[in-house]
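Data block below; observations after.
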Amino acid sequence: MTAGEAVRLVQVFGKHGVDVCVGGGWGVDALLGQQTRDHADLDVWLPAGQFENAMEALVSAGVDRIHPWPGDKPWNFVVHDGGRRRMDLHIYETRADGTIHYGSAVAGESFPAAALDGSGIIAGVTVRCEAPEWSVRWHTGYAPRVKDRHDVPLVCARFGIAVPAAYQTSPLR
């Protein structure tokens, strides 16, 4: 997923009235204001209430196939274009109190809306992305991968966030 492709997809969502938030690796690079590594996909958070428009946006961009992935759920799955453009969709709902709910009704999680109110730049274009503290938080709770070990320290250094313990001592995976 190139920077240009990532920006074009974010813009297609916008043209269809979908307010996406960039997450994952591109979210990290957006926060940093520059591409620091290659990316296989584009992670986006999108409101469940805009799901129909999001699907129309994806189809218009040719990203119209579901890519089965271990652990897929109705609120988190991967779509692709049959080639190199792949998107990891994270679908959420905003509760009446303004918090975000992500996941199942029984075992989901809630977090403040501010978690998705970061701002960054991809290829010179300003995008909404995960807030720095939450980008780091969502990279914890599992054994860090090589790409995580690259991303997390950069965000921590740029924004003055303590590096999580798992990134200080655990072996590479």
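The values are calculated or read from the model by the stated rules, or taken from the named source; none is laboratory data. The shown structure was predicted, so the numbers you read here are calculated from the model rather than taken from an experiment. Heads up, the Cβs are rebuilt from the backbone with ideal geometry, glycines too, and the neighbour counts pull from every protein chain shown. Calculation scope for accessible area: heavy atoms of the full protein, side chains included, ligands and nucleic acids excluded. Shrake-Rupley method; radii C 1.70, N 1.55, O 1.52, S 1.80 Å.
Structure notes:
One line per residue, one yes/no per condition, for (1) more than 18 Å from R84 (Cα to Cα); (2) within 17 Å of the chain's Cα centre (by Cα):
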{"position": "R8", "(1), (2)": "no, yes"}
{"position": "G17", "(1), (2)": "yes, no"}
{"position": "V20", "(1), (2)": "yes, yes"}
{"position": "G24", "(1), (2)": "no, yes"}
{"position": "L31", "(1), (2)": "yes, yes"}
{"position": "D41", "(1), (2)": "no, yes"}
{"position": "A48", "(1), (2)": "yes, yes"}
{"position": "E52", "(1), (2)": "yes, no"}
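- Within the range 152-164, the presence of at least one residue that is more than 14 Å from L31 (Cα to Cα) and touching a residue at least 24 places away in the same chain (Cβ under 8 Å) is confirmed.
- A count restricted to the range 47-70 and to residues that are more than 20 Å from I100 (Cβ to Cβ) and not aliphatic (A, V, I, L, M) stands at 9.
- Within the option set I121, I66, being under 15 Å from the mean Cα position of the chain (by Cα) and among the aliphatic types (A, V, I, L, M) holds for one residue only, I121.
- Picking from residues in the range 112-137 that are surrounded by 19 or more Cβ atoms within 10 Å (Cβ to Cβ) and of a type outside the set (A, V, I, L, M), the one that is farthest from Q168 (Cα to Cα) is R128.
- Residue check: R65 meets all listed conditions (1) within 20 Å of V22 (Cβ to Cβ); (2) of a type outside the set (D, E); (3) in contact with a His (Cβ under 6 Å, 6 or more places away or on another chain) but one, namely (1).
- Taking every residue in the range 95-119 that is of a type in the set (S, T, Y) and pairing it with any residue that is surrounded by 13 or more Cβ atoms within 10 Å (Cβ to Cβ) and assigned to a helix (DSSP H, G or I), at least 6 positions away or on another chain, the pairs with Cβ-Cβ distances below 7 Å are T99/A113.
- Entry remark, the range 26-54: residues being over 13 Å from I121 (Cβ atoms), open to solvent by less than 10 Å² (accessible area, probe 1.4 Å) and out of contact with any Gly (no Cβ under 8 Å at 6 or more places or on another chain) number 2 in total.
- Counted residues, the range 1-21 - those being in contact with a Leu (Cβ under 7 Å, 6 or more places away or on another chain) and either open to solvent by 30 Å² or more (accessible area, probe 1.4 Å) or not in a helix (DSSP H, G or I) (or both): 4
- In summary, S60 fulfils each of the numbered conditions (1) among the polar types (S, T, N, Q); (2) open to solvent by less than 60 Å² (accessible area, probe 1.4 Å); (3) in contact with a helix residue (DSSP H, G or I) (Cβ under 7 Å, 6 or more places away or on another chain) with the single exception of condition (2).
- Selection status of E93, open to solvent by less than 30 Å² (accessible area, probe 1.4 Å), of a type in the set (D, E, K, R) and either under 14 Å from the mean Cα position of the chain (by Cα) or over 23 Å from T2 (Cα atoms) (or both): no
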